[in-house]
Amino acid sequence: LACVLRDQPLPRLAAISGLYTFLNHVLPFRLGELSLPVLIKACTPRGLVAGSFSLIVTRLYDVASIALLMLLSLAVVFRELEAPLARALSTALLAVVVALVLSFRFLPALVALAARAVAAVLRHAGARGRAAADRVAAAGGRLRAELEGLTPRQRYLDLPVTSLAVQLSIYTFFYLTMRGMGLDIGFFKNMLASSGELIAGLLPNFFGSFG
C-alpha cells in the first residue's frame with residue numbers, strides 16, 4: 001500500500017492493512033477483498049477510486065509474484081513429480097503467465113471498457129440509473145488515469161520487490177510451521193503445494209480452511 005498511496009502515513013496504512021487482512025480471513029468467498037477500497041475511503045482523504053486502484057494493483061502484483069515463485073518451485077522439483085501432474089501444473093502456470101502479461105499490458109483499457117459496459121446497462125434504469133451511469137463512467141476514467149500514472153520505479157521496482165518479499169515471507173513461515181509439525185517435504189515442494197491453499201481460499205471459510 002505504501003508503494004501506491006505514497007502520501008499517507010505508514011501507521012495509518014498499517015492499520016488499514018491489519019483490518020483488511022482480518023476481514024479477508026473472516027468473510028467467506030474472499031469478500032474481504034472488497035473492504036480495502038471502503039477502508040481507504042474511510043481512513044484517508046482518498047476516495048473509492050483510489051481504494052479500488054490500490055486493490056487492483058496490489059492483487060495483480062501478488063498474483064504475478066505467486067506465479068513466479070511457483071514457476072521457480074516447479075523448475076526445481078519437476079523431475080520428482082509424476083508426469084501427468086507435472087504437465088498439468090506446467091499448463092496451468094503457463095496460462096496464468098499469459099493472462100498476467102495481457103493484464104499488465106491492457107489493464108487500463110480493460111478497466112475503462114468494463115466501466116463503460118456497466119454504465120451502458122445502468123442508463124436503461126431511468127433517471128437514477130443514468131445518474132449512476134455517469135458516476136461509474138467518471139470513476140472508470142479516473143481509475144484508468146491512476147493506472148496509467150504509475151511511474152516506472154513503481155511498476156518495475158517498488159511494487160515487484162515488495163510483493164515478492166511479502167509472498168516469500170508467507171511461504172517461508174508456512175514452511176517453518178510445517179517443519180515444526182514434523183512435515184518436511186522440502187522448501188520448494190512446500191511452496192508449490194501451497195498453491196492449493198490459495199485456490200481453496202476462494203471457497204467459503206469452512207471448506208477453504210482445509211487448503
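Structure summary
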| read-out | value |
| --- | --- |
| In the range 112-156, the residues that are open to solvent by less than 40 Å² (accessible area, probe 1.4 Å) and in a loop (DSSP other than H, G, I, E, B) | Leu150 |
| Pairs, first among the hydrophobic types (A, V, I, L, M, F, W, C) in the range 1-23, second exposed (fewer than 13 other Cβ atoms within 10 Å of the Cβ) and at pLDDT 85 or above, C-beta under 7 Å, six or more apart | Ala2/Leu10 |
| From the options Arg59, Arg46, Arg12, residue that is surrounded by fewer than 19 Cβ atoms within 10 Å (Cβ to Cβ) and either at positive phi or touching a Cys at 6+ places or on another chain (Cβ under 8 Å) (or both) | Arg12 |
| Residues located in the range 98-109, provided they are closer than 30 Å to Ala75 by Cβ and surrounded by 14 or more Cβ atoms within 10 Å (Cβ to Cβ) | Leu100, Ser103, Leu107 |
| Options Leu34, Leu89; residue that is open to solvent by less than 80 Å² (accessible area, probe 1.4 Å), more than 23 Å from Tyr156 (Cα to Cα) and not small (Gly, Ala, Ser) | Leu89 |
| Positions within the range 62-86 being open to solvent by 30 Å² or more (accessible area, probe 1.4 Å) and either in contact with a Gly (Cβ under 6 Å, 6 or more places away or on another chain) or free of Cβ contacts under 8 Å to residues at least 40 places away in the same chain (or both), in sequence order | Val63, Leu71, Ala75, Phe78, Arg79, Leu81, Glu82, Ala83, Pro84, Leu85 |
| From the options Val38, Val76, Val63, residue that is among the β-branched types (Val, Ile, Thr) and either in contact with an Asp or Glu (Cβ under 8 Å, 6 or more places away or on another chain) or modelled with pLDDT under 85 (or both) | Val63 |
| Residue tally, condition closer than 27 Å to Gly149 by Cα and in a helix (DSSP H, G or I), over the range 20-63 | 30 |
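The values are calculated or read from the model by the stated rules, or taken from the named source; none is laboratory data. Note that the structure is a prediction, hence the values are computed from the model and not measured. Glycine gets a Cβ as well: all are built from the backbone with ideal geometry, and neighbour counts include every protein chain shown. Please note that ligands, DNA and RNA were not included when accessible areas were found on the heavy atoms of the full protein model with its side chains. Shrake-Rupley method; radii C 1.70, N 1.55, O 1.52, S 1.80 Å.
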